[in-house]
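Asker: Here it is: the structure, laid out below.
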Amino acid sequence: MENYYDVLGVPPDSNPSVIKSAFRKKAKKYHPDMVAADGTKTAKTSVASMRESAMRLILEAYRILSDGEKRRVYDRLLRKQNNEQKGFDYRAFLKARNHDPESQAKLIVYDLLHNLEDEALEVFERSKSFGDFRLERWLDRGDAMDAEYCIAEEYEKRGRLLKAYAIYKRLIGLERERPWFRYYFDVVVLRFRTLVLQKMPGRIDEDDYLDRLEESIGLEIGPRDSAQFLRKVAEVRLRRREYSEAQNALERALVLVPRLPGLAAVKRRLDQASEGMEA
């Protein structure tokens, strides 16, 4: 598998603007139209052919690395390839060291990279016996955060929503402290937002859900996200006839994003409820 970072000449942690700039420089350098005017016709044809091949590779590298989701999948495959080139049964070695938290952290990453998600979750659950087991204590911070994101995805797929929520929430906090996801953070936030607003309602205790909503607001991801969480609080409180709390959440949401879709409908329902009480 080609190393697309090497193709563009950028480090693996490059942000989108660096990748775009490197692509432009490479494209300008290797574009077939840039063949030198001197030399024989045969020589120029040969050079043009090589440039076309190089250009196709550069375009493919940019296509993958400029797309957040494709890049994340590619990064995992690249790490998998690097592990497989070590020349011995790395997984067996790590499994045998089941009393060593660092080895178990590395085993979780290995299993995730090799589509052994059930095994990775089993090791992750078992490793809680080590006490304060956090992947970033034993792994590169970026690898640890990516692995935890994958674990959260697997919990979510299995309907273990509170476990997924806790990991997404922690990752958002870590990213706010010191960015690593960078180009992929919008995807992480989208997964978290979808989980909280669409998947959790009706599937966890409602009081617990309200607590999770308040925690989500406290993350201060962005005004629109906070407003969406507040709108959901208002909807739940309104359904529970907790009108004062619903009004408070609605007003906070209106301050953040006055024209957020759905707020007007909540306001109408709240006004109707208030009128009914007065009558």
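Asker: Quickly estimate the mean residue ellipticity at 222 nm for the chain, helices only: each DSSP H run with n ≥ 4 gives -39500 (n - 2.57), and the total goes over all residues, rounded to 500.
Answerer: For the chain, the value works out to -22500 deg cm²/dmol.
Asker: Moving on to the next point. Quick one: in the chain, what % of C-alpha pairs are over 24 Å apart?
Answerer: Here the tail beyond 24 Å accounts for 63 percent of pairs.
Asker: Find which of L250, Q81, A27 sits farthest along the positive direction of the dipole of the chain, computed with +1 on the beta-carbon of Lys and Arg, -1 on that of Asp and Glu, about the Cα centre.
Answerer: Looking along the dipole axis, the top candidate is A27.
Asker: So which GluC sites (Glu not before Pro) in the range 171-279 are both in a DSSP loop and have at most 13 other Cβ atoms within 10 Å of their Cβ?
Answerer: Passing both the DSSP loop test and the Cβ count: E220.
Asker: With a point put 7 Å past each Cα toward its Cβ, work out how far K199 is from S129 in nm, to one decimal.
Answerer: Result: 2.9 nm between the two label points.
Asker: Note the full-extension length gain between S66 and E136 as 0.36 nm times their separation in residues minus their Cα-Cα distance, in nm to one decimal.
Answerer: 22.5 nm
Asker: What is the Cα centroid distance between the range 217-279 and the range 185-202, reported in whole angstrom?
Answerer: If you average the Cα positions of each part, the centres end up 19 Å apart.
Asker: Note down the magnitude of the dipole of the chain about its Cα centre, charges +1 on Lys and Arg C-beta and -1 on Asp and Glu C-beta and zero elsewhere, to the nearest 20 debye.
Answerer: It works out to roughly 1080 debye.
Asker: A further question follows. In what order do R203, R97 fall by count of nearby beta-carbon atoms within 10 Å, going from fewest to most?
Answerer: The most exposed by this proxy come first: R203, R97.
Asker: In the structure shown, do any of K106/K163; K80/K157; K20/K106 have a Cα-Cα gap over 28 Å, and if so which?
Answerer: K20/K106
Asker: Compute the distance in nm between two label points, each set 7 Å from the Cα along the Cα-to-Cβ direction, one at A27 and one at V187.
Answerer: Between A27 and V187, the label points sit 2.2 nm apart.
The numbers here are math on the coordinates, done by the rules we state, and not lab data. Note that this is a predicted model, so its numbers are computed, not measured. Neighbour counts run over all protein chains shown; Cβ positions are idealised from the backbone, glycine included.
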